[in-house]
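For reference, the structure discussed in these notes is given below.
The values are calculated or read from the model by the stated rules, or taken from the named source; none is laboratory data. In this text, all values refer to a predicted model and were calculated from it rather than measured experimentally. Here the Cβ is made from the backbone with ideal geometry for all residues, glycine too, and neighbour counts use every protein chain on show. In case anyone asks, the SASA skips ligands and DNA or RNA and just uses the protein heavy atoms, side chains included. Shrake-Rupley method; radii C 1.70, N 1.55, O 1.52, S 1.80 Å.
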There are 4 protein chains.
Amino acid sequence: MSTEEPPSQRAARGFRTGWLEAFSDGVFAIAITLLVLDIGVSSDAGRDLLHAIGSLWPSYLAYVASFSTIGAAWLAHNAITEYLERADAAFVRLNLLLLLFVSFLPFPTRLVAEYIHQDQAERVAVTFCGIILLLSSTMLLVLWRYAVRARLVRPDLADEEIELLTQRLTPGLSAYLVLIVSGLFLPVIAVIGFLGIALYYIIPFRRLSASILPRRRRRDRVGPQGRG
Amino acid sequence: MSTEEPPSQRAARGFRTGWLEAFSDGVFAIAITLLVLDIGVSSDAGRDLLHAIGSLWPSYLAYVASFSTIGAAWLAHNAITEYLERADAAFVRLNLLLLLFVSFLPFPTRLVAEYIHQDQAERVAVTFCGIILLLSSTMLLVLWRYAVRARLVRPDLADEEIELLTQRLTPGLSAYLVLIVSGLFLPVIAVIGFLGIALYYIIPFRRLSASILPRRRRRDRVGPQGRG
Amino acid sequence: MSTEEPPSQRAARGFRTGWLEAFSDGVFAIAITLLVLDIGVSSDAGRDLLHAIGSLWPSYLAYVASFSTIGAAWLAHNAITEYLERADAAFVRLNLLLLLFVSFLPFPTRLVAEYIHQDQAERVAVTFCGIILLLSSTMLLVLWRYAVRARLVRPDLADEEIELLTQRLTPGLSAYLVLIVSGLFLPVIAVIGFLGIALYYIIPFRRLSASILPRRRRRDRVGPQGRG
Amino acid sequence: MSTEEPPSQRAARGFRTGWLEAFSDGVFAIAITLLVLDIGVSSDAGRDLLHAIGSLWPSYLAYVASFSTIGAAWLAHNAITEYLERADAAFVRLNLLLLLFVSFLPFPTRLVAEYIHQDQAERVAVTFCGIILLLSSTMLLVLWRYAVRARLVRPDLADEEIELLTQRLTPGLSAYLVLIVSGLFLPVIAVIGFLGIALYYIIPFRRLSASILPRRRRRDRVGPQGRG
């Protein structure tokens, strides 16, 4: 009736893609929590457990890197679905393909955690992990570009807002390509790089949201003291 | 008041089967994410990890086939619950039986992944897997036919819409039967066939939704550029 | 305003215990899906996989019994929260205790699956499993009785409806006690008995809901042809 | 219209942080249910299963302590999000950090369960577990303090209510510090202490809620007979 739509209408609009978000969020939450199962000490670790726990640092690094990556993908996926007016069948199918890569991530994470000490194997594991990360990241961009092209986004979304999210999702791809090649020579550096990309996605989302989200639901708005 | 019901009423209708959908979606999401735990390299893989990762192709094939099958079952289950006006106690019980088979799927998937290299065992594993897939698929059809017979579907649903979903759910059954028999002779072909059935279910749902869903919630409507 | 409350009010009432139901349903869904991880063939099963799959019947029996038990507990828990007007802090605590037992169930299930062939061990495993089932079942009854005593149930709920749910939840306890003792002598019979109790809970819930639920949300109402 | 806001508005307000709560609740529910996978008897336990089950008491203790800790963290997290008017990007990031520690907990729990019998290793395992518990607990306090500082809390929240939750979340930190040191000398006592802290958080939340929550949603209000 007025420019301020009634809350119940906003709620109803939220249901249009709600079933898709619920399933996707479930897969993200499960994949991120399953990562811990990949960490384990060998059965004779009891003699010097302190050393055994310490020598697991590649596992912790791989855990933190994959946790951050899935966390970043969840935030990006959330930003995409937040902008959606509706989903179509192709979007749902592309979304399943994204989830296929995301829920596959615990496997290369386990390989990295296990083989980072072994000279030849670590290069293979890190490269393999990087390829899956690249595929997940690519699918996020494909999903978003498809949503824009198929006019699934909310009509009240300004072009610069659309452009801003596209710009946010793009640079990760070339960074992953560089790291996949580096992984052949400097595997540990590449894993730290994977973590870096994830943190890049997690952290400045704040500035993105500060500029965009206040207009609607304001769920990510940064308050006056929010810079802490 | 008018022919267009207020949004809050639509939301309320959604809650009638909401508790059932939430639990079912949770089981689908967990089962699909647990599949990755079935992939693993042997402990001496470190010497030639590239070869080890490559030789796991049956695991990847089984992973993708089962992921697609659970994804397709989730989409079909979603289409069914979307058409429901309400659920009755028998529907809930049949739904539990469907979830029993769906959450059992990681076990035959693991068998296929593990034994596809071994001549005799692969036939057994693939046939076993096919039987569980057939049972899941049958339960989806049973669930839908029961919902129609017990008048649980929304009264405004046209007969041809009901018929269309029934037709969509039926052909998979005979395809699975054919593949179970083929699995005894050509196991790898049968697994590719399982993947094919799942993709058949996933992909043309779009055309189905294009014709049906626009009338309500329009959550799968294909936009003008949506053919990409 | 009238005797028929507006839908949005019904939705709002649902949110009062919604956060508790969402977490509980999540735990039920995860526990029921994790059960499949307890099934596994030994690593030398490849030579005669058909025999290996067949010899796993105790695993399938334990899987179906535990799946049905968690499914029945989920239905009963759902019936309880459905009747709630609100939850208090003690209810939330008792609910956590119930979830502690429910999410512990995969462990005794694994023991039953593994040791049912071994004469002495099977008695121990089945008795242990029965005790956890008894504790879960007891907690459901305690939860419901507490909700009634602390006046957490909806005020419009008739006394006979409260009594009916109490009667439904009670007989399982003595049945479990009998089966725990039988488990010492006839372990396989006891496991079949566990399955029987679960099915007893799952199946006649229908008649219960037929008589109660139509008044509100009608989410379990049995339609005219619903007896199939 | 009146001072009593319409239900649909209340529902809409709940959606502002709903996506964050749904994901977090999912991670809490999965982490709490995965704990059971850490319990296992050795493969030769069949000869004397009763003894084997009994000798697993450290596993049960670690299971109950970690289950209670995650349960307490979920309740505290819930109390925090309940008080939120909205979330900002930094809050979401801090929340991911909390989830990182919470979903890491199954690993130290497994170590405690496995090594509590071995003199030197048990000290390491318990101290390691205590550090993760301390980090989780610290993050909950950081999350809450940040929410207050960044003015994310509901404006109608009284200062004493804010102070009360801060006071509730603080003492755990020094208790964990004391127990981490004790763990070096008396590991079993420290684990019992971890359980004690968790129960302290779980149990008197009731009094807290009794005094605060009645004003809004009243979801934890203690009824007249609620002291049982």
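Return the residues of the range A:155-170 that are in a helix (DSSP H, G or I) and either open to solvent by 50 Å² or more (accessible area, probe 1.4 Å) or touching a residue at least 40 places away in the same chain (Cβ under 8 Å) (or both); say none if nothing qualifies.
Matches in the range A:155-170: A:Asp159, A:Glu160, A:Glu161, A:Ile162, A:Glu163, A:Leu164, A:Leu165, A:Gln167, A:Arg168, A:Leu169.
Taking the stated definitions as given, is B:Ile192 aliphatic (A, V, I, L, M) and either at the interface with chain C (Cβ under 9 Å from one of its Cβ atoms) or open to solvent by 30 Å² or more (accessible area, probe 1.4 Å) (or both)?
yes
Within the range B:109-132, how many residues are open to solvent by less than 20 Å² (accessible area, probe 1.4 Å) and facing chain C (nearest Cβ under 9 Å)?
4
Kindly indicate which of C:Leu135, C:Leu152 is open to solvent by 30 Å² or more (accessible area, probe 1.4 Å) and not polar (S, T, N, Q).
C:Leu135
Taking the residues in the range C:113-137 that are within 26 Å of C:Gln167 (Cβ to Cβ) and of a type in the set (Ser, Thr, Tyr) as candidates, determine which candidate is modelled with the highest pLDDT.
The extreme case among them is C:Ser136.
More than 9 Å from chain B (Cβ to nearest Cβ), buried (at least 23 other Cβ atoms within 10 Å of the Cβ), within 24 Å of C:Phe194 (Cβ to Cβ) and hydroxyl-bearing (Ser, Thr, Tyr), is that true of C:Ser55? Reasoning before the result, please.
Details: more than 9 Å from chain B (Cβ to nearest Cβ): yes; buried (at least 23 other Cβ atoms within 10 Å of the Cβ): no; within 24 Å of C:Phe194 (Cβ to Cβ): yes; hydroxyl-bearing (Ser, Thr, Tyr): yes.
Against the criterion (more than 9 Å from chain B (Cβ to nearest Cβ), buried (at least 23 other Cβ atoms within 10 Å of the Cβ), within 24 Å of C:Phe194 (Cβ to Cβ) and hydroxyl-bearing (Ser, Thr, Tyr)), C:Ser55 does not qualify.
Is it the case that the range C:78-97 has a residue that's more than 18 Å from C:Leu141 (Cβ to Cβ), under 16 Å from the mean Cα position of the chain (by Cα) and either buried (at least 20 other Cβ atoms within 10 Å of the Cβ) or of a type in the set (Val, Ile, Thr) (or both)?
Among the residues of the range C:78-97, not one is more than 18 Å from C:Leu141 (Cβ to Cβ), under 16 Å from the mean Cα position of the chain (by Cα) and either buried (at least 20 other Cβ atoms within 10 Å of the Cβ) or of a type in the set (Val, Ile, Thr) (or both), which makes the answer no.
Of D:Leu179, D:Leu173, D:Leu169, which residue is away from chain A (no Cβ under 14 Å) and touching a Ser or Thr at 6+ places or on another chain (Cβ under 7 Å)?
Working: D:Leu179 fails: touching a Ser or Thr at 6+ places or on another chain (Cβ under 7 Å); D:Leu169 fails: touching a Ser or Thr at 6+ places or on another chain (Cβ under 7 Å).
Being away from chain A (no Cβ under 14 Å) and touching a Ser or Thr at 6+ places or on another chain (Cβ under 7 Å) holds for just one of D:Leu179, D:Leu173, D:Leu169, which is D:Leu173.
For D:Leu140, only one of the following conditions fails: (1) of a type outside the set (Lys, Arg); (2) in contact with a His (Cβ under 8 Å, 6 or more places away or on another chain); (3) surrounded by fewer than 17 Cβ atoms within 10 Å (Cβ to Cβ). What is its number?
(3)
Please state which of the following conditions D:Arg145 fails to meet, knowing it meets all the rest: (1) open to solvent by less than 20 Å² (accessible area, probe 1.4 Å); (2) within 14 Å of chain A (Cβ to nearest Cβ).
(1)
Looking at A:Leu173, A:Leu177, which one is touching a residue at least 40 places away in the same chain (Cβ under 8 Å), assigned to a helix (DSSP H, G or I) and surrounded by fewer than 17 Cβ atoms within 10 Å (Cβ to Cβ)?
Being touching a residue at least 40 places away in the same chain (Cβ under 8 Å), assigned to a helix (DSSP H, G or I) and surrounded by fewer than 17 Cβ atoms within 10 Å (Cβ to Cβ) holds for just one of A:Leu173, A:Leu177, which is A:Leu177.
Which residues, counting only those in the range B:17-47, are within 30 Å of A:Asp119 (Cβ to Cβ), modelled with pLDDT under 75 and in contact with a helix residue (DSSP H, G or I) (Cβ under 6 Å, 6 or more places away or on another chain)?
Result: B:Val41, B:Ala45, B:Gly46.
Taking the range C:59-110, which residues are polar (S, T, N, Q), at pLDDT 90 or above and closer than 17 Å to C:Ala22 by Cβ?
Those that are polar (S, T, N, Q), at pLDDT 90 or above and closer than 17 Å to C:Ala22 by Cβ: C:Asn95, C:Ser103.
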